[in-house]
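The values are calculated or read from the model by the stated rules, or taken from the named source; none is laboratory data. Bear in mind that the values here come from a model prediction, so they are computed numbers and not experimental data. No Cβ is skipped: glycine too gets one built from the backbone with ideal geometry, and neighbour counts run over all protein chains shown.
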Amino acid sequence: MDQPLLGHKTPRADGVRHVWCPACRHLVHSPLRLTSRHVFLDCVAVAGTRDELGITHFVSEAREQGKSANTAYIYFVNGFDVRGAKVDSADPEQRGLILHELQEAWTQSWEGAP
C-alpha cells in the first residue's frame, strides 16, 4: 500500500507529487496529508470502498481487541489477524488484492481513470 503510485513519495506519471490528498480535498474543510494510512483508514472519498472490502470491519474488530487504528493498519498490511497472530499464507495474497482495489478506487475517485 505504501507505494509511490499514490504520488506522496514520488511524482505520479503526470509529474505531480501530492502532499495533500487529492481525493478528499473538496470533501473536507482542511486538506489532509496524503499517506497510505490516510487512504487505508480515513479518506472519505473511499469510505464506501473500505466498507465493501472489509477493511472497516477489520479495523473495528482490532479496536474491540484494544488495538489502535494504526496497529490495525500494520496488522492488515503485514498479514496478522486482529489479535496480532500471523494468518495463513492465502490471506496475505487476498489482502494484497484488497489493497490494490482500494488504491484503484482512490485513484478513480479523483483522477477519473486508474
For this session: Kindly indicate which of GLY15, GLY48, GLY66 is of a type outside the set (A, V, I, L, M), within 18 Å of GLU111 (Cβ to Cβ), modelled with pLDDT of 95 or more and out of contact with any helix residue (DSSP H, G or I) (no Cβ under 7 Å at 6 or more places or on another chain).
Result: GLY48
For this session: Please indicate, with yes or no, whether at least one residue in region 8-19 is touching a Leu at 6+ places or on another chain (Cβ under 7 Å) and surrounded by fewer than 14 Cβ atoms within 10 Å (Cβ to Cβ).
Result: yes
Problem set entry | Given (1) modelled with pLDDT under 90; (2) among the hydrophobic types (A, V, I, L, M, F, W, C); (3) assigned to a helix (DSSP H, G or I); (4) surrounded by fewer than 13 Cβ atoms within 10 Å (Cβ to Cβ), number of the condition ALA113 does not satisfy | (3)
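Rundown of residues vs (1) among the β-branched types (Val, Ile, Thr); (2) over 26 Å from HIS29 (Cβ atoms); (3) surrounded by 13 or more Cβ atoms within 10 Å (Cβ to Cβ), yes/no style:
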position: THR49; (1), (2), (3): yes, no, yes
position: LEU53; (1), (2), (3): no, yes, yes
position: ARG63; (1), (2), (3): no, no, yes
position: SER89; (1), (2), (3): no, yes, no
position: GLY96; (1), (2), (3): no, yes, yes
position: ALA105; (1), (2), (3): no, no, yes
Exercise. Within region 101-110, is there a residue that is part of a loop (DSSP other than H, G, I, E, B), of a type in the set (S, T, N, Q) and free of Cβ contacts under 8 Å to residues at least 60 places away in the same chain?
Worked result: no
For this session: Might you let me know whether region 102-110 holds any residue that is more than 21 Å from PRO11 (Cβ to Cβ), modelled with pLDDT of 90 or more and out of contact with any helix residue (DSSP H, G or I) (no Cβ under 8 Å at 6 or more places or on another chain)?
Result: no
